[in-house]
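To start, the structure itself, in structure tokens.
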Amino acid sequence: SNKGVLEAPKRQAALLIERGEIPPEYQNLSKEEFIKKFVADTVGVLAVHHLHGDDGFEHLLFLGMRDTREFGPVITAGSGGSDIEKLSEYLEKNHANVTVSPGVTDEKSFFNAFRNTLIFKSLAGDYKRNLQKIDEKSIEDLLSRFHACVWRYSPLNPDAPFWFSEFEINPFKVNSNRLWALDGVLRFRNVEPQKSPRPLGKLRNLLKPENICVIGVSGKEINLGRVILRNLIDGNFPLDKIAIVKPGDDEIDGIRCYPSISDLPGKFDVIILSVAAQQVLLTVSEIIESGKAESIVLITGGMGEKDGAGDEEEKLRQIIENSRKRGDKGPVLVGGNSLGLISVPGGYDTMFVSKSKLPRDPENPMNGNVAFISQSGAFMVSRMSNLSDLRPRFVISTGNQVDLGVADFVGHLSGDPEVRVFGIYMEGLKYLEGLHLAETAKKITRSGRDVIIYKAGRSKEGRHASSGHTAAIAGDWDVANAVLTKAGCIVANSFEEWQHLIMLSSLLSDRKIGKGRLAAVSNAGYEAVGMADSIKGSTWSLELAEYSHATIGKLTNLLSEYKLTQLVNLRNPMDVTPMATDHMHAEILKAIADDENVDVLVYGCVPLSHMMKTHAKGGVDGDGIEDPESICQSAIKLFKNEIKKPFVMVVDSGRLYDPMAKLLLYAGIPVFRSADDAVRTVGRWISAKLYTV
């Protein structure tokens, strides 16, 4: 009744006085003043069922949605109640809750992911053999309706009358075999107008141009523009298709100069701009107004990177947005603060890192099947240096993403069948760019290719900077990790793991993983134990292969032939001891690789064994690794001619054995310097491929 509603605030105030729980902002008031002000400040009363029963987390369900800038609406479901954030911190994420994007995951996939949580197992009667509390179909129906409701009122639905910004029910409580909603919140906002469509087809002009112009080249010194020019000249791009805008000079390094942008002969597919920050707005405006560019690479930094510089970057965005209203939609722009691009199909290199600092074409370049796409230029070039034996097909520094972003390049390059591996570094993304990236990645990974990502910004402080239960449970990094992982991406936990995954994926991209059953061999006991310890982790799980009777027979005969029967146990992982020779190692590898129960093979070698030829040529082993009978030469022959399965080697010793590792790597065999790293990386790679949604 109305009277009951009016009395409720008074009763609540009296209860707070009785419990000594008067809020701080009222504590200076008398009891009468407090009751009067508390009643006046009360804006509404929520009436809910009064339910008895256990309030433990296994009886409380949480459902929440929040609208994120990068991924749009994301849903988190898991254990509910007031301690849900603490529970999420102490339990593995997949046990405490599940986070999905309606843009990538449908209702059925959402429910299937939720089945792995502790709350589902408790509610459905699978946890510690509890009696079933809720019918499984009822849980699926609830999650399906929540998922559909979130999609209906989101930017994903072009017909949405408004958009949810937050939608949360915490908790649903179990009572009489039903779930009752006890508390919730709903916030929404008006539909935002869509921006003008961008001419993303011009990425073809950018990545495979017919002509290139550079602005900002010094004729007197080696500035950034001059380094870019010389890298272009040293590449495969036709010199007569390169131009410079530089008043006062006829030519620089043999390339013709033009006094102004308007004097350029016709339209250029790419204009590279390396000028002072204060000149950017004027120069970009002139390029756009003249209609001289299909694409612009903005090298200039200092825009949007320091306090007070954001206004300049916003003005640049507006200039580009205004050009979209023209018939040609204006040029696309990379940067600012881009380190440049390398395009092997386009035959050009616009990076401003000299080739003496970063050689582009190693002596024996390996698979050109990788596209590096990075917001950080420094990350990109340092990874390229560390992976110097790997020659990428594309290297793209997106910089501040004023116009083109990571997802745009991934979307365009997804159509290039030569790109088998996408290596991505990203920090903050543009509006809904994370969602578009996940959508594209899902298609890429389902085609058998790999998307390997390092996502920066995973701190606890960053998570707690957001408001609301859903944000605290699934912060920005948690959301990115969950959504991208469910799209089939491998989200690396460290820079080193990212590098290892890139190497592994690139070199083994054409090899089938089957069921992912692992065989592991080493000449050291600690490696065998370490590999066994590394087959499972929070984000991967490998199955050890069971050798067939035929394989066991071959291995038994080999051990007998080399008089090692008393020293070696036939198990997986297998320790063949330091007493095994190169030839015996090769025969064991062949026998195991031939087993139809084996899908992936990791071979660990501690090269200090006096029985093996592991030195560089001219050392104590004579021809050493160049000897046709050495394990290196035997492994290379097996890898190229007989072993068609994923095959990884480990060289676990110091710099003296770098030549051994390099020889194997040049032959296309992934090489690790630690056995546990090898198995962990293989585990992450295989698990991502086996469990792509």
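The values are calculated or read from the model by the stated rules, or taken from the named source; none is laboratory data. Computed from a prediction, not measured in an experiment: that's the story for all the values here. Here Cβ is always computed from backbone atoms with ideal geometry, including for glycine, and neighbour counts include all displayed protein chains. Keep in mind that these areas ignore ligands, DNA and RNA; they rest on the heavy atoms of the full protein, side chains included. Shrake-Rupley method; radii C 1.70, N 1.55, O 1.52, S 1.80 Å.
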Notebook entry, point to check: Within region 345-356, can you find the residues that are modelled with pLDDT of 90 or more and surrounded by fewer than 19 Cβ atoms within 10 Å (Cβ to Cβ)?
Noted result: PRO345, GLY347
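Yes/no per residue for (1) of a type in the set (Ser, Thr, Tyr); (2) buried (at least 24 other Cβ atoms within 10 Å of the Cβ); (3) at pLDDT 65 or above; (4) part of a helix (DSSP H, G or I):
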{"site": "ASP54", "(1), (2), (3), (4)": "no, no, no, no"}
{"site": "GLY64", "(1), (2), (3), (4)": "no, yes, yes, no"}
{"site": "GLU70", "(1), (2), (3), (4)": "no, no, yes, no"}
{"site": "THR76", "(1), (2), (3), (4)": "yes, yes, yes, no"}
{"site": "PRO102", "(1), (2), (3), (4)": "no, yes, yes, no"}
Notebook entry, point to check: Which residues, taken from region 388-405, are aliphatic (A, V, I, L, M) and either within 26 Å of GLY216 (Cα to Cα) or modelled with pLDDT of 90 or more (or both)?
Noted result: VAL395, ILE396, VAL402, LEU404
Check: What do you reckon, is ALA593 in contact with a helix residue (DSSP H, G or I) (Cβ under 9 Å, 6 or more places away or on another chain), more than 26 Å from LEU690 (Cβ to Cβ) and open to solvent by less than 40 Å² (accessible area, probe 1.4 Å)?
Finding: no
Note to self: open to solvent by less than 10 Å² (accessible area, probe 1.4 Å) and either hydroxyl-bearing (Ser, Thr, Tyr) or more than 18 Å from the chain's Cα centre (by Cα) (or both): which single residue out of SER548, SER541, SER494, SER505 fits that description?
What the structure shows: SER505
Margin query: Among (1) modelled with pLDDT of 95 or more; (2) of a type outside the set (Val, Ile, Thr); (3) touching a Leu at 6+ places or on another chain (Cβ under 7 Å), there is one condition ARG680 misses while meeting the rest; what is its number?
Written below: (3)
Check: In region 580-600, which residue that is part of a loop (DSSP other than H, G, I, E, B) and touching a strand residue (DSSP E or B) at 6+ places or on another chain (Cβ under 9 Å) is farthest from LEU664 (Cα to Cα)?
Finding: ASN597
Notebook entry, point to check: Among the residues of region 199-215, is there at least one that is in contact (Cβ under 8 Å) with a residue 24 or more places away in the chain and more than 17 Å from ILE271 (Cβ to Cβ)?
Noted result: yes
Note to self: Here's a check for you: in region 551-579, which residue that is in contact with a helix residue (DSSP H, G or I) (Cβ under 7 Å, 6 or more places away or on another chain) and in a loop (DSSP other than H, G, I, E, B) is surrounded by the most Cβ atoms within 10 Å (Cβ to Cβ)?
What the structure shows: PRO573
Note to self: Can you find a residue that is open to solvent by 50 Å² or more (accessible area, probe 1.4 Å) and either touching an Asp or Glu at 6+ places or on another chain (Cβ under 6 Å) or outside any loop (DSSP other than H, G, I, E, B) (or both) anywhere in region 601-615?
What the structure shows: yes
Margin query: Testing VAL620 on (1) of a type outside the set (D, E, K, R); (2) farther than 18 Å from VAL529 by Cα; (3) in contact with an Asp or Glu (Cβ under 9 Å, 6 or more places away or on another chain), one condition comes back false. Which one is that?
Written below: (3)
Notebook entry, point to check: Looking only at region 525-541, which residues are at pLDDT 95 or above, of a type in the set (A, V, I, L, M, F, W, C) and not in a helix (DSSP H, G or I)?
Noted result: ILE535
Notebook entry, point to check: How do the strands (runs of 3 or more DSSP E) wholly within region 117-200 filter down when requiring 3 or more residues that are farther than 19 Å from SER79 by Cα: which remain?
Noted result: 163-175, 184-189
Margin query: Based on this model, can you work out whether ARG178 counts as free of Cβ contacts under 8 Å to residues at least 24 places away in the same chain, more than 20 Å from VAL275 (Cβ to Cβ) and basic (Lys, Arg)?
Written below: no
Check: Somewhere in region 179-192, is a residue in contact with a helix residue (DSSP H, G or I) (Cβ under 7 Å, 6 or more places away or on another chain) and surrounded by fewer than 20 Cβ atoms within 10 Å (Cβ to Cβ)?
Finding: no
Checklist line | The lone exception for LYS430 - which of (1) more than 27 Å from VAL479 (Cβ to Cβ); (2) of a type in the set (D, E, K, R); (3) in contact with an Asp or Glu (Cβ under 8 Å, 6 or more places away or on another chain) it fails | finding: (1)
Next item on the list: Take ALA96 and decide whether it is at pLDDT 90 or above and open to solvent by less than 10 Å² (accessible area, probe 1.4 Å).
Entry: no
Checklist line | Members of region 357-387 that are outside any helix (DSSP H, G or I) and either among the β-branched types (Val, Ile, Thr) or modelled with pLDDT under 85 (or both) | finding: PRO359, ARG360, ASP361, PRO362, GLU363, ASN364, PRO365, MET366, ASN367, VAL370, ILE373
Next item on the list: Kindly list the number of the only condition in (1) over 23 Å from ALA243 (Cβ atoms); (2) open to solvent by 30 Å² or more (accessible area, probe 1.4 Å); (3) touching a helix residue (DSSP H, G or I) at 6+ places or on another chain (Cβ under 6 Å); (4) touching a residue at least 60 places away in the same chain (Cβ under 8 Å) that fails for SER414.
Entry: (4)
Next item on the list: Would you mind stating whether LEU142 is open to solvent by 10 Å² or more (accessible area, probe 1.4 Å), touching a strand residue (DSSP E or B) at 6+ places or on another chain (Cβ under 7 Å), modelled with pLDDT of 90 or more and of a type outside the set (Asp, Glu)?
Entry: yes
Checklist line | Qualifying positions in region 573-599 - farther than 21 Å from HIS549 by Cβ and touching a residue at least 40 places away in the same chain (Cβ under 8 Å) | finding: ASP575, THR577, PRO578, ALA580, ASP582, HIS583, HIS585, ALA586
Margin query: Of everything in region 655-673, what is under 21 Å from LYS644 (Cα atoms), surrounded by fewer than 20 Cβ atoms within 10 Å (Cβ to Cβ) and without any contact (Cβ under 8 Å) to a residue 60 or more places away in the chain? Give them in sequence order.
Written below: ALA667
Margin query: Among the residues of region 418-435, what is the count of those that are open to solvent by 40 Å² or more (accessible area, probe 1.4 Å), at pLDDT below 95 and of a type outside the set (Ser, Thr, Tyr)?
Written below: 2
Next item on the list: Quick one: count up the residues across region 467-489 that are modelled with pLDDT of 50 or more and in a helix (DSSP H, G or I).
Entry: 11
